1. How charged is the neighbourhood of residue A:58? Take every other residue with its Cβ under 9 Å from the Cβ of residue A:58, and add Lys/Arg as +1 and Asp/Glu as -1.
2. Calculate the length of the line joining the C-alpha centroid of region A:122-141 to that of region B:131-179, in whole Å.
3. Of B:159, B:203, B:216, which is farthest on the positive side of the dipole of region B:131-218, counting Cα position, with +1 on Lys and Arg Cβ, -1 on Asp and Glu Cβ, and the Cα centre as origin?
4. So, counting K/R as plus one and D/E as minus one, what does the shell of residues with Cβ under 9 Å around residue A:116 add up to?
5. Trypsin sites (Lys or Arg not before Pro) within region A:88-147: which are DSSP loop residues with at most 10 other Cβ atoms inside 10 Å?
6. Taking 51 Å as R0, compute the FRET efficiency from the Cβ-Cβ separation of residue A:56 and residue B:128 and round it to 0.05.
7. Dimensions of region A:67-169 along principal axes (Cα, Å, largest first)?
8. Peptide B:182-195: average number of partner chain Cβ atoms within 10 Å per residue?
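Please treat every number below as a calculation from the coordinates, not as lab data. Nothing here was measured: the structure is a model prediction, and the numbers come from that model. Backbone-built Cβ (ideal geometry, glycine too); neighbour counts: all protein chains shown.
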Amino acid sequence: MAARFLSKSSSGSSLLGALGTSLLGVGSVARQTTSNLTYSDIFFQQQRTFIQMGTKLKVVDNSGAKRVMCIQALKSKKGAKLGDIIIGSVKEAQPRGKVKKGDVVYGVVVRAAMQRGRCDGSHVRFDDNAVVLVNKQGEPIGTRVFGPVPHELRKKKHVKILALAEHIA
Amino acid sequence: MASSSLLPHSLLSLPTASSRFPKSSLTISSISFSLNQVSITRTGSVAFQPLVRRGRESTFGIARAGETGEEETPAETGGDESATETLEEESSVAVAVEEKPPKKPIVKLNEIIGILNKKAIEEAETIKVVPDIKPGDIVEIKKEKANRRRLALYKGIVISKSSSGVHTTIRIRYMTSGTAVEIVFPVYSPKIKEIKVVSHRDVRRAKLYYLREKLPRFYTFKKK
């Protein structure tokens, strides 16, 4: 995808400007402005990190919200990992749902791009950041959960979300 | 006076006094000697009977060369030293001494981790046979879950392999329910009950991280 975009741009100086836009949908990655870009230069490995204030997450239940921005990661100064609870502000919502835009909600992180280690030496990571909205007691607001969820929720006592899940990774 | 030394190489450095002795002493050359039982003496008269006895004692001593608690030979050495020295010198020249205890291999410090890893891998191999996995293989992994009920099945493409002894890990990428998952499995873990290479895809890389930017159909596999 990025390669096709680069080949369209005419001169080397406009490459950086073209890459800097959000058209690619990739987070900001350092790129060189050389006329001869190799394949390895284009795709740098991103350093995935915690879910912190300002992180936009996808909502994967049918509570009505579509996207949520994290305003506080409970329990850790660094940020939330897979299985943690965050406080978020609903940025985008479906017209008729249980929550609407601007609501402050609790959410359980069910998919994170940062890998989480398990006690048997394995690690798991997903390709996106996703959250399931819950109430203060930890019960999900919605009635369905889409996509895979990790084992970690069992230890964190989010058993209801595991029961609703399609696939447990 | 008799002094017994246990240096094996001292036997070779002894002055060959075979010229001093008549050929008749060669009749006892069939007796084999242990290098550990060398006793160095000065001079003495040759007496055959003590020689034979001493010879036998030495052969007896060979069998228990490693032991330190030997009562017979020290008692005998008091009397027969003189005779034995000459005979042993002769035999050292004539007969090749082969009754050395086997030398234990010295373990070097930088080999310890390798040895420990090998042992751990051998233990892990008893649970399951680990096939040869390369990046680009499509594998099926059966893993025991925490609640020990059914085995979880994972089927995906190996995008990287990190070899480090018993903590060799492979990274599997697969697609479920619209989301891609990457899991790192330690290959020799006892939780993993079975690894099976289903098929192989030709790749020209050791690490297939470029698959993350490619279309999902390249890492989607149907589970039977």
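1. With Lys, Arg at +1 and Asp, Glu at -1, the net is +3.
2. Between the Cα centres of region A:122-141 and region B:131-179 lies a distance of 23 Å.
3. B:216
4. Computed value for this residue: +2.
5. Answer by residue number: A:96, A:136.
6. Here the calculated transfer efficiency is 0.75.
7. Reported extents, whole Å, longest axis first: 43, 30, 26.
8. Average neighbour count from other chains, rounded to a whole number: 3.
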